[in-house]
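Undergrad: Mind having a look at this structure? Questions to follow.
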Amino acid sequence: MLANSNKNARRAKFLAILATLLACQSNQWVKAQDTEALVATGLGYTPQQQGVTYDLVDAKDASKCTGKYETIGGIDGLMIYGPDGRLLRRFADTNGDRNVDQWSYYKDGIEVYRDIDSNFNATADQYRWLGTQGTRWGIDTDEDGQIDSWKSISAEEITLEVVEAVKKRDTKRYVRLLPSPSELDSLKLGEKTKNRLTEKIEKSKLAFSEFLEGQRLIDAQATWAQFAADKPGVVPQGTDGSTQDLIAYENVIAIVESKGANQQLLVGTIVQVGNGWRLIDAPKMVDSNSVGDSGFFFPSLAVNRDIAATPAESGMTEAMQGLLSDLDKVDGAMRDGNATVQQYKERGAILRKLIAASQGTEDMGSWIHQFADSVSSAVQTGVYNEGLEELKDLETSLDQLSGGKEHKSYVAFRVISSDFMAQMSNPKANHAVVQEEYIEKLKSFAEQYPTSPDAAEAMIQIGLNDELGGQEKDAQEWYKKSRSELPRNRLRKEGLRGDRET
């Protein structure tokens, strides 16, 4: 009996405190005399961070909302429910000191955002996006309401934050997306690579300010629409002195809707650091005059070959040796200055000759992949639109080359990705139609090449599209199919969306 009495007294005390609800923004107490006022006060709170989509209640319906004291997982809190019974807010005391230290906001009954007072001093110092709002987790060290660093942020959300920084002309917001010195150390790169990366990051801060001064395509009303990139890659431990694997995307693009048109913002290289991702360079607008980024960790123009050996030693004909020499000259010219459309054409022509000359050998695959990767990258960044037709032509020609069919799926997937990005860059493009056609092409690809390594990415993209469209059952089927029909080690490497079906 005494235990129940103490428990009731404890709850009554907490309810009394919740009746005034700590106003974290002003650090003052708001007086409320009854449950109705308690609910009204709770509904008056807003997230500390802007841009959160959560359920709001019309003034005429506020009186129909109800408040209920509940203990979930040993944590006490006030739950506020809407007229339809869906959860709207939760104000919780996680450490039992009878003060609110978590302010949670819900959308369609799902928690989508949370302000957190982690040091229990009545002021929020962490901000988490949850549920359908993403994975961002910001840290506010000085408790001024501004995020100082990211504990967690996805690759997609990195591009969203870049767009917001550009919109608001907020250099600080951009800089906090760059890796800190300690984060750079955690990558365990070789000394030369680390020094190059550090220099690039430092230069990017000034480059971002210069970009803001010059760009006019993204205005304050612009909205982030989509993340676009090829699959991420792994730099294995031991590369250039590194002591652990590194995962990175190259030539990442953010699709932005601005001024009634679709714009492409080249974000460039992003690298995984712990539970999040970081930028290494300032953004650029992608247009017909821009120059593609060859990539920091996986340069699209890089060639791994040794031409020092004699033709006899290397097994190459003199003609192939001459082609390699020509390719080196073009690569050097493209690295030294702004790559031109003519140089892309020359490089493509040389690679096509190398493909033809090496057909039926193991080398053929490397030339095909190099052609497909570099041309696809150039098309997707908008610097070589003609490359799309070259990719399509290569895909068709592989049927006539000895050993070509086994590499056809690799080229076909990059044709689909490049075509999609080319259409999305058209200011007059119908986003919905382009996306629908893209998904249908991915379905055809997955059906035609079910054992291709790229089929995993196709299936995941289809599943994501279904999930975003509310077709959860269909999405789960695609996720399961990708795991059952493809090697598990490939799925782990690609970082596919984890155990969504579990």
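Undergrad: Read through the list (1) surrounded by fewer than 19 Cβ atoms within 10 Å (Cβ to Cβ); (2) farther than 25 Å from Leu351 by Cβ, then give the number of the only condition that Leu401 fails.
TA: In the conditions (1) surrounded by fewer than 19 Cβ atoms within 10 Å (Cβ to Cβ); (2) farther than 25 Å from Leu351 by Cβ, Leu401 misses (2) alone.
Undergrad: Conditions first: (1) in a loop (DSSP other than H, G, I, E, B); (2) modelled with pLDDT under 90; (3) not aliphatic (A, V, I, L, M). Glu213 passes all but one, so which condition is the exception?
TA: (1)
Undergrad: Quick one: which residue in Ser63, Ser104, Ser118 is farther than 30 Å from Glu161 by Cα and among the small types (Gly, Ala, Ser)?
TA: On the way: Ser104 fails: farther than 30 Å from Glu161 by Cα; Ser118 fails: farther than 30 Å from Glu161 by Cα.
Criteria check complete, one pass: Ser63.
Undergrad: Quick check, is Gly82 assigned by TED's automatic domain parsing to the domain that holds Gly138, surrounded by 14 or more Cβ atoms within 10 Å (Cβ to Cβ) and in contact with a Cys (Cβ under 6 Å, 6 or more places away or on another chain)? Let's see the steps before the verdict.
TA: Details: assigned by TED's automatic domain parsing to the domain that holds Gly138: yes; surrounded by 14 or more Cβ atoms within 10 Å (Cβ to Cβ): yes; in contact with a Cys (Cβ under 6 Å, 6 or more places away or on another chain): yes.
Answer is yes for this residue.
Undergrad: How many residues does region 57-79 contain that are surrounded by 12 or more Cβ atoms within 10 Å (Cβ to Cβ) and under 29 Å from Thr223 (Cβ atoms)?
TA: Result for region 57-79: 2.
Undergrad: Here is a list of conditions, (1) within 23 Å of the chain's Cα centre (by Cα); (2) assigned to a helix (DSSP H, G or I), and Lys473 meets all of them except one; can you say which number that is?
TA: (1)
Undergrad: Still on this structure, please answer the following. Looking at region 107-130 only, could you name the residues that are touching a Lys or Arg at 6+ places or on another chain (Cβ under 8 Å) and surrounded by fewer than 16 Cβ atoms within 10 Å (Cβ to Cβ)?
TA: Asp108, Gly109
Undergrad: Scan region 61-78 residue by residue and report those that are in a strand (DSSP E or B) and among the acidic types (Asp, Glu).
TA: First, the residues of region 61-78 that are in a strand (DSSP E or B): 66-72, 75-78.
Within region 61-78, Glu70, Asp76 meet the criteria.
Undergrad: Can you work out which of the residues in region 88-98 that are in contact with a strand residue (DSSP E or B) (Cβ under 8 Å, 6 or more places away or on another chain) and surrounded by fewer than 19 Cβ atoms within 10 Å (Cβ to Cβ) is modelled with the highest pLDDT? If you could, list the steps in order and put the result at the bottom.
TA: Within region 88-98, the first condition is being in contact with a strand residue (DSSP E or B) (Cβ under 8 Å, 6 or more places away or on another chain), and the residues that meet it are 88-94, 96.
So of that shortlist, the ones also surrounded by fewer than 19 Cβ atoms within 10 Å (Cβ to Cβ) come out as 94, 96.
Working: Thr94: 90, Gly96: 81.
Among those that are in contact with a strand residue (DSSP E or B) (Cβ under 8 Å, 6 or more places away or on another chain) and surrounded by fewer than 19 Cβ atoms within 10 Å (Cβ to Cβ), it is Thr94.
Undergrad: If we keep just the residues of region 412-426 that are within 13 Å of Leu442 (Cβ to Cβ) and of a type in the set (A, V, I, L, M), which is surrounded by the fewest Cβ atoms within 10 Å (Cβ to Cβ)? Don't jump to the end; show me each part of the working.
TA: Of the residues in region 412-426, the ones within 13 Å of Leu442 (Cβ to Cβ) are 412-417, 419-420.
Next, only the ones that are of a type in the set (A, V, I, L, M) stay: 412, 415-416.
Details: Ala412: 23, Val415: 24, Ile416: 21.
Going through the qualifying residues, I end up with Ile416.
Undergrad: Still on this structure: Looking only at region 36-60, which residues are part of a helix (DSSP H, G or I) and either in contact with a helix residue (DSSP H, G or I) (Cβ under 9 Å, 6 or more places away or on another chain) or within 17 Å of Met79 (Cβ to Cβ) (or both)?
TA: Initially, region 36-60 is screened for residues part of a helix (DSSP H, G or I), giving 36-43, 59-60.
Of everything in region 36-60, those that are part of a helix (DSSP H, G or I) and either in contact with a helix residue (DSSP H, G or I) (Cβ under 9 Å, 6 or more places away or on another chain) or within 17 Å of Met79 (Cβ to Cβ) (or both) turn out to be Glu36, Ala37, Leu38, Val39, Ala40, Thr41, Gly42, Leu43.
The values are calculated or read from the model by the stated rules, or taken from the named source; none is laboratory data. Note that the structure is predicted; figures quoted are calculated from it, not measured. Neighbour counts are summed over all protein chains in view; Cβ atoms, including those assigned to glycine, are modelled from backbone coordinates with ideal geometry.
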